[in-house]
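Single-structure report; data block below.
The values are calculated or read from the model by the stated rules, or taken from the named source; none is laboratory data. Since the model is a prediction, treat every value here as computed from it, not as a measurement. Note: ideal-geometry Cβ built from the backbone for every residue, glycine included; neighbour counts use all protein chains shown.
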Amino acid sequence: MMTDTQSPEEQLERLAPVLDELNESAAKQCVIAVMPAYNAASTLEKTIQDIPRDTVDEVILVDDCSTDDTVKIAQDLGLTVICHEQNGGYGANQKTCYQHALEKGADYVVMIHPDYQYDSRVVDVAVKILKLDICDVVLGSRIRTRREALDGGMPVYKYLANRFLTTVENVALGQNLGDFHSGFRAYSRKVLETIPFERNSNDFVFDSQFLAQSVHFGFRIGDIPVPVRYFAEASSINFRRSVTYGNATLGVLARFWLHRLGLFRSKLFQQPSS
């Protein structure tokens, strides 16, 4: 019977090329932050400053026809800037964000609102969870406790609507998430390559559709607490649009189950080739 007579030092030397290759492969993983922007001139720089250094390789800002200096400030900050010729809406903006991130070779994509509402200091935490292959989708939960959310400035009606919709979505989609409606999200490349997000709405319900699609396609979703700030410059939909968004979200859940039961085939839950 043959035995390995090499010393530990010789064995390490033999393994060195393999370890170097693994380290090089990990180092090549590309992280891109995307920012769907509209009139974010007053908050953009602060948002960028809070992103941990060496976490993100590139920041892509997609401007949806802002009427302020968002584009100029983004260019001065050295961001990659893409401008829509016409205002397409929040969902349309995200579509452009993800398409360009994939084209740039992103392995992981983090969506950060440039309005300084979400604390971008936790970007590295979200990316780490993805890199460790613990989750495929990471959300930032604004509601660790009721008091913390309300003290942060979340309107009472928005808090109550969030709690209702999140509870319904957890039950309908078999999840246990703290906040289904967070604007802080991180995805692995496979998620964006699999989900037919181009078929989603160009409006705010894009987010609800994307999470229902994530569940349908079997991706693992988790969340982390993310402090938020509500103030005049932070983007937020009004009460009327919140009601419209809530009803549309319930409609997404209905389509999810009709598709799952085979009663209605929805393109949201089919591969593009289907």
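Data for the structure
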| quantity | calculated |
| --- | --- |
| Near pairs, Cβ below 9 angstrom, 6+ apart or cross-chain, from the stretch 140-160 (within 24 Å of A126 (Cβ to Cβ)) to any residue that is at pLDDT 85 or above and among the aromatic types (F, W, Y) | G140/Y118; G140/F184; S141/F184; R142/Y118; R142/F184; I143/Y159; R146/Y159; A149/Y159 |
| Test result for S214, touching a Gly at 6+ places or on another chain (Cβ under 7 Å) and over 25 Å from R146 (Cα atoms) | no |
| Exclusive hit being over 27 Å from N238 (Cα atoms), of a type in the set (A, V, I, L, M) and out of contact with any Cys (no Cβ under 8 Å at 6 or more places or on another chain), set V110, V59 | V59 |
| Residue list for the stretch 251-274, restricted to those being surrounded by 15 or more Cβ atoms within 10 Å (Cβ to Cβ) and of a type outside the set (V, I, T) | L253, R255, F256, H259, S266, L268, F269 |
| L165 more than 22 Å from C83 (Cβ to Cβ), in contact (Cβ under 8 Å) with a residue 60 or more places away in the chain and assigned to a helix (DSSP H, G or I) | yes |
| Total residues in the stretch 65-100, condition within 19 Å of the chain's Cα centre (by Cα), not basic (K, R) and not in a loop (DSSP other than H, G, I, E, B) | 13 |
| Single match in A126, A74, A106 (criterion: in contact with a Gly (Cβ under 8 Å, 6 or more places away or on another chain) and small (G, A, S)) | A126 |
| Which listed residue is among the aromatic types (F, W, Y), part of a loop (DSSP other than H, G, I, E, B) and either over 18 Å from Q117 (Cβ atoms) or touching a residue at least 60 places away in the same chain (Cβ under 8 Å) (or both), from Y230, Y187 | Y230 |
| Options D63, D54, D69; residue that is surrounded by fewer than 18 Cβ atoms within 10 Å (Cβ to Cβ) and modelled with pLDDT of 95 or more | D69 |
| The stretch 1-50, residues that are part of a helix (DSSP H, G or I), at pLDDT 65 or above, charged (D, E, K, R) and under 30 Å from E103 (Cα atoms) | E45, K46, D50 |
| Check on D124, assigned to a helix (DSSP H, G or I) and in contact with a Ser or Thr (Cβ under 6 Å, 6 or more places away or on another chain) | yes |
| Any hit, the stretch 113-128, residues being in contact with a strand residue (DSSP E or B) (Cβ under 8 Å, 6 or more places away or on another chain), closer than 18 Å to Q213 by Cα and either touching a residue at least 24 places away in the same chain (Cβ under 8 Å) or of a type in the set (S, T, Y) (or both) | no |
| When residues of the stretch 156-175 are limited to those that are at pLDDT below 95 and loosely packed, with under 14 Cβ neighbours inside 10 Å, the one farthest from A254 (Cα to Cα) | V156 |
| Selected residue (criterion: farthest from Q49 (Cα to Cα)) from residues of the stretch 127-149 that are touching a Ser or Thr at 6+ places or on another chain (Cβ under 7 Å) and at pLDDT 90 or above | D136 |
| Top-ranked residue in the stretch 176-203 [being under 14 Å from Q99 (Cα atoms) and hydroxyl-bearing (S, T, Y); ranked as surrounded by the fewest Cβ atoms within 10 Å (Cβ to Cβ)] | T194 |
| Count of the stretch 240-274 residues which are within 14 Å of F206 (Cα to Cα) and aliphatic (A, V, I, L, M) | 5 |
